[in-house]
Amino acid sequence: MLSMASGEGNRMENMRNPFDMSGRVAIITGGATGLGLGMTKALIGFGCRVVMMGRREEVLKKSAEELGPLADYFRLDVTDTEGIKNAVSYVRDKYGRIDVLINDAGIQFKSRAEEAGIDEFRKTLDVHLTGAFAMTQACLPTMEKQGKGSVIFISSMAGHMGLTYLAAYSAAKAGVTGLVMNLASEVSHTGVRFNAIVPGWIESPMLLASMGKDVPRQQKILGRTPLGKFGDPMDIGWAALFLASDASSFITGQSIVVDGGALIGF
């Protein structure tokens, strides 16, 4: 039988900041804008080097310049399989390790279900689900060799409740939940952890584009959110820091909801 007190004094003396990310390397797709930028800032703030990936080089370059020496970037479309291999090789070859992968790249289109184009539906799945899986596949050999790693998927409220006009997006995000549980069950014995963050309604370019000036929709959201406000990108950033760091070393296969209470609100 284990003694809970055994060695406790030594452990307390040797404890370091579990959120310290010094010397670690993270890849964040979509990391230069919106929620991705919040996560980039949070990890860099605790010493992690972050390689932001996205399609718009000018946006990536601008964010990297503003964030300082711990920020790097690589232009990538996550639907490009060969591009993913090149991007991951760039990080591994340049920095010698990959400790964190955050799959945040995303698109969204709104349409009535009977009017949604199949090509648009398929593209949404390719970005949110297939692309995220391909990124994870590419990073896994390095993480498994290290015996440690954290893969974080960005899910959505749309994967946990019925939202109108978002069939493709909802399907992709619901798929993320199943993928996280499967990967954790299959792979976490290697030391690599898999979790998802489920953002509520966060003030971001995607939210603004989706909601526009729809005041009744805004009121409906706030009316079911116990905290009575929209979230900030840094709320997601701090959740990502937790899941990327040693502070969550015994957490895998989970979806962490960051929503101001909206899923339980009435």
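What to note about this one:
- Count of residues meeting criterion [of a type outside the set (A, V, I, L, M, F, W, C), part of a helix (DSSP H, G or I) and either modelled with pLDDT of 95 or more or open to solvent by less than 20 Å² (accessible area, probe 1.4 Å) (or both)] in segment 74-100: 9
- Flag if Thr142 is of a type outside the set (A, V, I, L, M, F, W, C), closer than 23 Å to Ser22 by Cβ, within 21 Å of the chain's Cα centre (by Cα) and surrounded by fewer than 23 Cβ atoms within 10 Å (Cβ to Cβ): yes
- The set of residues in segment 51-73 being farther than 19 Å from Thr130 by Cα and open to solvent by 50 Å² or more (accessible area, probe 1.4 Å) consists of Arg56, Glu57, Glu58, Lys61, Lys62, Glu65, Glu66, Pro69, Leu70, Tyr73.
- Entry remark, segment 16-59: residues being over 22 Å from Thr142 (Cβ atoms) and not in a loop (DSSP other than H, G, I, E, B) number 10 in total.
- Only one of the listed residues (Gly159, Gly261) is exposed (fewer than 15 other Cβ atoms within 10 Å of the Cβ) and either on the phi > 0 side of the Ramachandran plot or at pLDDT below 90 (or both). That residue is Gly261.
Rundown of residues vs (1) farther than 25 Å from Ala247 by Cα; (2) of a type outside the set (Gly, Ala, Ser); (3) open to solvent by 40 Å² or more (accessible area, probe 1.4 Å), yes/no style:
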| residue | (1), (2), (3) |
| --- | --- |
| Lys148 | no, yes, yes |
| Phe153 | no, yes, no |
| Thr164 | yes, yes, yes |
| Ala172 | yes, no, no |
| Glu186 | no, yes, yes |
| Arg193 | no, yes, no |
| Ala196 | no, no, no |
| Pro199 | no, yes, no |
| Ser204 | yes, no, no |
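- Residue check, Ala240 closer than 30 Å to Leu140 by Cα, in contact with a Phe, Trp or Tyr (Cβ under 6 Å, 6 or more places away or on another chain) and buried (at least 20 other Cβ atoms within 10 Å of the Cβ): no
- Residue in segment 218-236 that is farther than 28 Å from Arg24 by Cβ, of a type in the set (Ser, Thr, Tyr) and surrounded by fewer than 17 Cβ atoms within 10 Å (Cβ to Cβ) present: no
The values are calculated or read from the model by the stated rules, or taken from the named source; none is laboratory data. It should be emphasised that the depicted structure is a prediction, and the values quoted were computed from it without experimental measurement. Note that each Cβ is placed from the backbone with ideal geometry, even for glycine, and that neighbours are counted across all protein chains shown. Accessible surface areas use protein heavy atoms only, side chains included; no ligands, DNA or RNA. Shrake-Rupley method; radii C 1.70, N 1.55, O 1.52, S 1.80 Å.
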